[in-house]
Amino acid sequence: MKTTLLGLDKKSTEELTKELNTLLANFQTYYQTLRGLHWNIKGKNFFELHLKFEELYTDAQEKVDMIAERILTLQGTPLHTFSDYTDIAVVPVAKNVSNDVEAVSLIVASLSELLKIERGILELSDKADDEGTNSMMSDFISEQEKTLWMMNAWLG
């Protein structure tokens, strides 16, 4: 069995890196969507949502960096072009969304997609004995589940 510098199975690590790049592409797309929602939100919930969307895009930006650095730690190369991202991202994208319910619904749909990807990575990282990726995915999942619950509560 061939192993990496981290002592992980090389084939498993390559598969994890591929899936982490998929997550990276989706987070970059989600981040850009959040920026658009932050800029374009209108209505009676403007102040509340404008701040919330900034909080969410700041968190997404931090996660983008964490994912890219994990890919590098696993000796992979993080995707870094918009065309790479748009080719593989599955999170929904919307243009010029200014309605509060539509915006929050878009976030709910995006988080649901991110959670599916993260759970798949968690399963792979567990099988590969990759505790670093496993821990990161567990943290992401628990945070996003709470955000998803809150967004659904806001929607009523």
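The values are calculated or read from the model by the stated rules, or taken from the named source; none is laboratory data. Keep in mind the model is a prediction, meaning the values are calculated, not measured. No Cβ is skipped: glycine too gets one built from the backbone with ideal geometry, and neighbour counts run over all protein chains shown.
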Specify the residue that is surrounded by the most Cβ atoms within 10 Å (Cβ to Cβ); the eligible residues are those in the stretch 78-111 that are in contact (Cβ under 8 Å) with a residue 24 or more places away in the chain and of a type in the set (Asp, Glu). Asp100
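Give the residue, chosen from Leu72, Leu79, Leu124, that is part of a helix (DSSP H, G or I) and touching a helix residue (DSSP H, G or I) at 6+ places or on another chain (Cβ under 8 Å).
On the way: Leu72 fails: touching a helix residue (DSSP H, G or I) at 6+ places or on another chain (Cβ under 8 Å); Leu79 fails: part of a helix (DSSP H, G or I).
Only one candidate qualifies: Leu124.
Out of the residues in the stretch 1-17 that are free of Cβ contacts under 8 Å to residues at least 40 places away in the same chain and assigned to a helix (DSSP H, G or I), state the one that is farthest from Ala89 (Cα to Cα).
Per the criteria, the residue is Lys10.
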Checklist (1) at pLDDT below 95; (2) under 17 Å from the mean Cα position of the chain (by Cα) applied to Gln32, failing item: (1)
Checking the conditions here, which among Lys42, Lys63, Lys52 is under 21 Å from Val108 (Cα atoms), in a loop (DSSP other than H, G, I, E, B) and either in contact (Cβ under 8 Å) with a residue 24 or more places away in the chain or not polar (S, T, N, Q) (or both)? Lys42
Among (1) closer than 20 Å to Asn40 by Cβ; (2) touching a residue at least 60 places away in the same chain (Cβ under 8 Å); (3) surrounded by fewer than 14 Cβ atoms within 10 Å (Cβ to Cβ), the one test that Asp129 misses: (1)
Are there any pairs, at least 6 apart or on different chains, whose C-beta atoms fall under 9 Å, with the first in the stretch 141-156 and under 15 Å from Glu113 (Cα atoms) and the second surrounded by fewer than 16 Cβ atoms within 10 Å (Cβ to Cβ) and among the hydroxyl-bearing types (Ser, Thr, Tyr), and if so, which? Leu148/Ser112
Looking at Glu118, is it surrounded by 13 or more Cβ atoms within 10 Å (Cβ to Cβ) and within 13 Å of the chain's Cα centre (by Cα)? yes
Which members of the stretch 51-67 meet the condition of being crowded, with 16+ Cβ neighbours inside 10 Å and either touching a helix residue (DSSP H, G or I) at 6+ places or on another chain (Cβ under 6 Å) or of a type in the set (Phe, Trp, Tyr) (or both)? Phe53, Leu56, Tyr57, Ala60, Lys63, Val64, Ile67
Please verify whether Met136 is in contact with a Lys or Arg (Cβ under 8 Å, 6 or more places away or on another chain), touching a residue at least 24 places away in the same chain (Cβ under 8 Å) and assigned to a helix (DSSP H, G or I), treating the condition exactly as stated. yes
